[in-house]
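Written below as structure tokens is the structure these notes are about.
No value in this document is a laboratory result; all are computed from the given coordinates. Given the structure is predicted, the values throughout are model-derived calculations rather than measurements. Heads up, the Cβs are rebuilt from the backbone with ideal geometry, glycines too, and the neighbour counts pull from every protein chain shown.
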Amino acid sequence: MKKVSLEGLQRFRERTRVVMAGRDPEDSYGFVNPPIVRGSTVVYQSLDEFMARKARYMYGTLGNPTLDALETALNVMEGGAGVVVCPSGLLACTLPLLAALSAGDHLLVTDSVYRPTRNFCATVLGRMGVEVTYFDPLIGDGIEALFKPNTKAVFTEAPGSQSFEMQDIPAIARVAHARGALVLMDNTWATPLFFDSHKAGVDLSIQAGTKYYAGHSDVLVGTVSARTPELYKLLRSTWETLGVIVAPEDAFLTLRGIRTMPLRLKEQEQAGLEMARWLQGRDEVLKVLHPALPDDPGHALWKRDFTGASSLFSIILKPAPHAAVAALVNDLALFGMGASWGGYESLVLPFDCSAYRTVTEWKPGGPCIRIHIGLEDVEDLKEDLDAGFRRMKAAM
């Protein structure tokens, strides 16, 4: 197998790049996959070598061959200047904030942000002396009115966590860059395969790799991609200073997961859309929140900026008592009830984000359920939910 350089990979199409990136059989004794390299201490051959720190790897917290292979593959997918890998998706959200902000700075955050990120802003950033202002996710270039002289960054997420509002990322990025501010984005829903965040102006692109990268619900991992070499240097320095190394086994499993990611995403995209359309036709459902549906308020932005949709969306049920909703979800055979998504299994998660919105009102009109569609047969999933709706009706 002929060795292909990083530059040479660019001549291939996306699926080929994902298969090829980050592996070099010549450097792995001929094996297809890079090996798992565990280690803390690196030994040097001489005093001069030690004093110059010329070894490829200096200590376990600064990287290893397995992590290097993953970072290389991810950087090919993201198209930025460099990627760091974190032990969780949440840390991937918080690390770039620590890298970009200092005491006295001002941060703008979408009101639809992932709740643990919001908790970090309210606690750690608050203690650091960083001022945080939340904005309506539909604000677009109107965000300019919220900028202050000390605004250093804007944190975005499209579509919004749980509620699926679409944001005009390019418009927000134009305003932010004109004011000298950075744009951060949690791009986990679309991944780089369905939304090129750097091309849209995002400076620090975040992934909860636990979801579609790893793809099998058995790894906690997060990634951050920097758009420019200067930002990557800042990000990498913060990563190294904090010592947030990823276990080599997790790096290996994530690298293995991304090889099939384009296939899984395409399969789950179609299954998710089919289930969303089916749910739109149910009498029990008031509304389906999915930006790839033509009647969704964010569809025009999705169609303009995105090349695909993942398998996560939400539904709003018509008004129903708690006992009826419990009857729907408690005895589902194929849908687990859990907070994550992106794996091969289908999930449901009842939610209510009204308690932690501060700029926008969340009044959906009925109980809400976030749904992730896995790789099961769609007809089996429909039958499972149909039985749940019958149980709900009986409990009304």
Inset, instruction - Could you size up the charge dipole of the stretch 218-357 around its Cα centre, putting +1 on the beta carbon of Lys and Arg and -1 on that of Asp and Glu, and report it in debye to the nearest 20? - result: 440
Legend entry - LYS382/ALA122 FRET efficiency (R0 35 Å; Cβ-Cβ; nearest 0.05): 0.30
Legend entry - Estimated [θ] at 222 nm from DSSP helical runs (n ≥ 4, -39500 (n - 2.57)) normalised by residues in the chain, nearest 500: -10500 deg cm²/dmol
Legend entry - Listed pairs LYS211/LYS287; LYS233/LYS303; LYS287/LYS382; LYS266/LYS363 exceeding 29 Å between Cα atoms: LYS233/LYS303; LYS266/LYS363
Inset, instruction - Please work out the C-alpha center-to-center distance from the stretch 317-396 to the stretch 105-171 and express it in whole Å. - result: 27
Legend entry - Kirkwood hydrodynamic radius over Cα pairs of the chain, then Stokes diffusion coefficient at 25 °C and 0.890 mPa s, in µm²/s: 111
Inset, instruction - Counting only DSSP beta bridges with both residues in the chain, tell me the antiparallel percent, nearest 5. - result: 55
Inset, instruction - Could you give the size of the charge dipole of the chain about its Cα centre, using +1 on the Cβ of each K and R and -1 on the Cβ of each D and E, expressed in debye and rounded to the nearest 20? - result: 520
Inset, instruction - Please list 241-251, 351-361, 125-135 highest first by mean number of surrounding beta-carbon atoms within 10 Å per residue. - result: 241-251, 125-135, 351-361
Legend entry - Sum of side-chain charges, ALA309 neighbourhood, beta-carbon under 11 Å (Lys, Arg +1; Asp, Glu -1): 0
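Loop only by DSSP, 15 or fewer other Cβ within 10 Å of the Cβ. Give me the trypsin sites (Lys or Arg not before Pro) in the stretch 168-264 that pass, ordered by residue number.
Values: sites: ARG174, ARG179, LYS199, LYS211, ARG227, LYS233, ARG236, ARG256, ARG259, ARG264; in loops: ARG179, LYS199, LYS211, ARG227.
Answer by residue number: ARG179, LYS199.
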Legend entry - Whole-number D in µm² s⁻¹ for the stretch 261-395, Kirkwood Cα-pair radius fed into Stokes-Einstein, 10 °C, 1.306 mPa s: 103
